[in-house]
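Here the structure is laid out as structure tokens; the discussion comes afterwards.
Any read-out appearing in this document is the output of simple, stated calculations on the displayed coordinates, not a laboratory observation. Note that the structure is predicted; figures quoted are calculated from it, not measured. Virtual Cβ from ideal backbone geometry, glycine too; neighbours counted across all protein chains shown.
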Amino acid sequence: MKKQNDWKYAGGTGVWTEFKNIKTGESTIGSLGKLSEIPDSTNFNCDHYWELLDPHESSIQCQKCRLGKTIIWGIQILRDGKLIQNG
């Protein structure tokens, strides 16, 4: 008896290419849930000292561990190397 392939292309390209199992409904693309509920695993136990990389952009980088992130102006403030939530 020939084994049947139950996985079919469902769309997307590159890292977003999705295949679905036609019998179980399982997908190769999963959901991590709400980003606000995911713990910050990028802390690296560092007392970050953030600096703005370009005064015309929103990219900041820790000068101790080199972690980079994007600041959300108006919601976050960069003061003395610390990222502070506004409000």
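The ranking of Leu83, Leu53 by Cβ neighbour count inside 10 Å, starting from the fewest, reads Leu53, Leu83.
For Lys8, list the lysines whose Cα falls under 28 Å from its own Cα; do not include residues on the same chain fewer than 8 positions away. Of all the lysines, those that pass the test against Lys8 - Cα under 28 Å, at least 8 places apart if same chain - are Lys20, Lys23, Lys34.
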